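Here is the structure we will look at.
The values are calculated or read from the model by the stated rules, or taken from the named source; none is laboratory data. Bear in mind that the values here come from a model prediction, so they are computed numbers and not experimental data. Every residue, glycine among them, receives a Cβ derived from its backbone with ideal geometry; neighbour counts consider all protein chains shown.
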Amino acid sequence: MAGLLDRYLNPSWREDAGQQYGLWGRVHQIPDEELWRTHERRRERLVAFSRNRLRTQLEARGATPSEVAQANEILRPEALTIGFSRRFATYKRATLLLRNPERLIKILTDKERPVQFIFAGKAHPNDNPGKELIRQIIHFERRPEARRRMVFIEDYDIVVARYLVQGVDVWLNTPLRPMEASGTSGMKATLNGAINVSILDGWWAEAFNPNTGWSIGRGEEYRDEDYQNEVESNALFDLLEKEIIPLFYARTTDDLPRPWIAKMKSAMRAIGPYFNTNRMVRQYAEEMYLPALQRAEILSKDNFEHAKQLAAWKQNLRANWNTLKILDVKNEKHDGFKVGDPCVIHAWLDLGKCQSDDISVEIFYGPLDANGDIESPRTAPMQYLKQAENGSHEFTGTIKLEASGRIGHTVRVLPRHPDIDNPFREGLIHWAQKK
């Protein structure tokens, strides 16, 4: 696959994938035939590798010669191959498919549209529930209907992972929301031409769109975990039966799954330039490491004079913070808003012993949920306007109403100083009180 990308993208994609957005568009210039043949060869290698590993596993367990010989007949090089490879923690729900064995057997035994599953992974030595998941999968794969279409590869390591991400057609991920941390294996699978089908959690909640793969559900979360498992198991089977399997076997007259290949290319084009280590390290450097270095240089100049001034400012602000009060908040128009209208908001503050330069005043706004709370909030800055005759200080800001429905807003005050990197770090905040 790397050689194919070299030819059609340019070898520079290797050097800094995160800076090559334009190059990744050339994925669509790769001939369907060439991409598919490359992928098929790697699936054949995965099948051969899996057969060899299974023979080794059987021999190590003292299986009979006939059982070892049967390892040569597992899996089919041309069948739709779905991979699940990761640490066997319970929240990753490796056995979600086993909740409906009848539907799974029906998929596995379809002679017209064969489907096969390859599982791999390890549980922590002290994680007995994780080991139990492995036991259930191995027990199921020994059923006569599943024996040649479902395999668990033992001794999971980087070699196994490499063959899997290179050779599968679909990368399956079924974590319990919101437990997934990231999911880098799915990113690697995409760059190798696999298509992800996953719960909307971890990286997939950010990367998914209908052109890059499939989502199991829409991100719903239920209090009853067993009910959540049942709902998402059914959703996964629906995807397999109604979308994934039919799309894979929708062949044109030249026996190519062109709609499937188009989805492969779209996923590689969208995910390749963003979900990679080059982009991650560059973003860390530009947004975290370099600003931290520059800030350290500023604070340490002149025998740490800036740092001393900042410490004194913080001490003074903490001592005086409770003297600050938000007296009133009003908008210029109470009703009759239309989508696109500006909404001008005024806030009056008693600064107490604080200075206007020491604070940042913001509008906090967004759509209201059924309980009247602001959900999916956004913020907009407010500017200092003037001091009123009663001594209060007026601030004003504007928000644009971009959607219909109930919109709520309030005002908050945070510390402000050119040398602080994060206003929330001080633990000081004032909110306008509800009336």
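Can you confirm whether the range 330-344 contains a residue that is crowded, with 16+ Cβ neighbours inside 10 Å, in contact with a Gly (Cβ under 6 Å, 6 or more places away or on another chain) and over 16 Å from Ile420 (Cβ atoms)? So far as the range 330-344 goes, no, none of its residues is crowded, with 16+ Cβ neighbours inside 10 Å, in contact with a Gly (Cβ under 6 Å, 6 or more places away or on another chain) and over 16 Å from Ile420 (Cβ atoms).
Of Arg37, Arg26, Arg53, Arg76, all but one fail to be assigned by TED's automatic domain parsing to the domain that holds Val151, part of a helix (DSSP H, G or I) and either surrounded by 14 or more Cβ atoms within 10 Å (Cβ to Cβ) or in contact with a strand residue (DSSP E or B) (Cβ under 8 Å, 6 or more places away or on another chain) (or both); the exception is Arg53. Residues that are of a type in the set (Val, Ile, Thr), without any contact (Cβ under 8 Å) to a residue 60 or more places away in the chain and more than 13 Å from Val413 (Cα to Cα) within the range 338-359 comprise just one, Val344. Out of the residues in the range 384-403 meeting the condition of being in a strand (DSSP E or B) and aliphatic (A, V, I, L, M), tell me which one is surrounded by the fewest Cβ atoms within 10 Å (Cβ to Cβ). Selected residue: Leu385.
Checked against the criteria, Gln355 does not count as at pLDDT 90 or above, assigned by TED's automatic domain parsing to the domain that holds Pro418, under 38 Å from the mean Cα position of the chain (by Cα) and within 16 Å of Arg416 (Cβ to Cβ). A residue that is surrounded by fewer than 20 Cβ atoms within 10 Å (Cβ to Cβ), assigned to a helix (DSSP H, G or I) and either of a type in the set (Lys, Arg) or at pLDDT below 95 (or both) can be found somewhere in the range 84-95. For Val159, the test of being touching a residue at least 12 places away in the same chain (Cβ under 8 Å) and outside any loop (DSSP other than H, G, I, E, B) is failed. Looking only at the range 351-363, decide whether some residue is on the phi < 0 side of the Ramachandran plot and small (Gly, Ala, Ser). Looking through the range 351-363, at least one residue is on the phi < 0 side of the Ramachandran plot and small (Gly, Ala, Ser). Only helices (runs of 4 or more DSSP H) whose full extent lies in the range 242-351 are considered here, and the ones with at least 1 residues that are touching a Leu at 6+ places or on another chain (Cβ under 9 Å) and under 30 Å from Leu428 (Cβ atoms) are 290-320.
Whether a residue is surrounded by fewer than 13 Cβ atoms within 10 Å (Cβ to Cβ), touching a Ser or Thr at 6+ places or on another chain (Cβ under 6 Å) and among the small types (Gly, Ala, Ser) was assessed, and Gly372 does not pass this test.
Restricting the range 404-428 to residues that are over 28 Å from the mean Cα position of the chain (by Cα) and charged (D, E, K, R) leaves a set whose member that is surrounded by the fewest Cβ atoms within 10 Å (Cβ to Cβ) is Arg406.
Of all residues in the range 99-119, those that are closer than 23 Å to Gly167 by Cβ and more than 25 Å from the chain's Cα centre (by Cα) total 11. Restricting attention to the range 147-166 and to residues that are among the charged types (D, E, K, R) and under 19 Å from Asn192 (Cα atoms), the residue that is modelled with the lowest pLDDT turns out to be Asp157.
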